[in-house]
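What follows is one structure encoded as structure tokens, with my remarks underneath.
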Amino acid sequence: MTPLLAAAWLCLCGAPASAQPPAPADPWSTDVLTEEELRAGRELQALLKRLSRGQLPRIEFELDSDEIHGESFPTLDAIAHLLLKQQHVKLRIEAHTCSLGSDEHNQDLSERRAKAVADYLIRKGVPPPYVRWRGWGESQPLFDNSTEEGRRRNRRVEFRLVRRDWDSVY
């Protein structure tokens with residue numbers, strides 16, 4: 001499986017600005033990571049802090065759509081900037097939905113949303129080989145889907161910095 005560079009996960013859709021992601025178990029072992037990877041991880045952590053303070057907007061979409069809200073662009077631009085500065089770091093985009101709707105519909109919606117985010121980053125100059133995306137539908141909730149707040153927080157996009165030679169796998 002993909003070794004995660006940043007378990008410092010950016011949950012950029014649906015969580016309130018004060019929400020913090022789960023703490024990773026020793027994500028920055030210097031035995032394994034290069035200085036460039038460590039620097040990218042620190043920058044990702046800084047983006048997460050800005051997001052949690054409300055200084056960057058969450059990634060949001062039109063209702064039942066893969067159209068990204070314009071308010072989300074500053075956050076995506078910051079992520080694109082990070083990737084353009086750190087040329088050896090790759091990004092995995094993971095989109096999630098709440099449980100409203102059918103499993104098939106939510107899977108399709110999450111895949112389209114993850115791809116829309118990848119396409120945005122590519123339009124900003126991130127080389128396509130440095131971005132991978134996946135939709136998880138409603139299969140990985142973090143919050144209780146029986147409440148509106150839980151469903152809102154489960155509708156999210158996560159970004160994970162990874163290190164891998166994509167060509168060796170795909």
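The values are calculated or read from the model by the stated rules, or taken from the named source; none is laboratory data. From a predicted model like this one, the values you see are computed outputs, not experimental measurements. Here Cβ is always computed from backbone atoms with ideal geometry, including for glycine, and neighbour counts include all displayed protein chains. Protein only, heavy atoms only, side chains kept; ligands, DNA and RNA dropped before computing areas. Shrake-Rupley method; radii C 1.70, N 1.55, O 1.52, S 1.80 Å.
Brief remarks on what is shown
- Residue 91 open to solvent by 50 Å² or more (accessible area, probe 1.4 Å) and at pLDDT below 95: no
- Restricting the stretch 58-72 to residues that are open to solvent by less than 40 Å² (accessible area, probe 1.4 Å) and among the hydrophobic types (A, V, I, L, M, F, W, C) leaves a set whose member that is modelled with the highest pLDDT is 68.
- Flag for residue 142 being open to solvent by 40 Å² or more (accessible area, probe 1.4 Å) and either in contact (Cβ under 8 Å) with a residue 12 or more places away in the chain or within 17 Å of the chain's Cα centre (by Cα) (or both): yes
Every residue, every condition in (1) exposed (fewer than 15 other Cβ atoms within 10 Å of the Cβ); (2) modelled with pLDDT under 85; (3) under 30 Å from residue 100 (Cβ atoms), yes or no:
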site	(1), (2), (3)
20	yes, yes, yes
25	yes, yes, no
29	yes, yes, no
35	yes, yes, no
41	no, yes, no
56	no, no, yes
74	yes, no, yes
85	yes, no, no
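- Annotation for the stretch 108-128: no member residue is touching a Lys or Arg at 6+ places or on another chain (Cβ under 9 Å), free of Cβ contacts under 8 Å to residues at least 24 places away in the same chain and either exposed (fewer than 13 other Cβ atoms within 10 Å of the Cβ) or under 21 Å from residue 62 (Cβ atoms) (or both).
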